[in-house]
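A short worksheet on the structure shown next.
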């Protein structure tokens, strides 16, 4: 029997927490590492030095994850900040806690 896939909606920020990037992936460690290594030098996250994982949530359905990503992207910045604060009040880089 195969293992159920997990999907992650995640938020990355830069050093000063002035820029947010919201994404969805099925491999959070790999995806965050790609942001940290700036594997695509022309990407938004590379351009704005967005390399800190500050929020994530896990789900089992890819369509729900994509819908949630779109929902969060539409929110005002204040609501996104509240979401992050409820999960990670110090806005720490959560990447090391995943490994």
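The values are calculated or read from the model by the stated rules, or taken from the named source; none is laboratory data. Note that this is a predicted model, so its numbers are computed, not measured. Methodologically, a virtual Cβ is constructed for each residue, glycine included, from the backbone with ideal geometry; neighbour enumeration extends over all protein chains shown.
Data overview
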item: Of residues in segment 34-58 being touching a residue at least 12 places away in the same chain (Cβ under 8 Å), surrounded by fewer than 17 Cβ atoms within 10 Å (Cβ to Cβ) and within 22 Å of residue 99 (Cβ to Cβ), the one nearest to the chain's Cα centre (by Cα); result: 57
item: The one condition in (1) in contact with a strand residue (DSSP E or B) (Cβ under 7 Å, 6 or more places away or on another chain); (2) closer than 15 Å to residue 93 by Cα that residue 49 fails to fulfil; result: (1)
item: Among (1) within 21 Å of residue 5 (Cα to Cα); (2) over 14 Å from the mean Cα position of the chain (by Cα); (3) at pLDDT 95 or above - the single one residue 90 does not satisfy; result: (1)
item: Test: residue in segment 32-51 that is assigned to a strand (DSSP E or B) and either within 21 Å of residue 87 (Cα to Cα) or touching a helix residue (DSSP H, G or I) at 6+ places or on another chain (Cβ under 7 Å) (or both); result: no
item: Filtered residue count, segment 65-87, keeping only those that are within 19 Å of residue 6 (Cβ to Cβ) and in contact with a strand residue (DSSP E or B) (Cβ under 8 Å, 6 or more places away or on another chain); result: 6
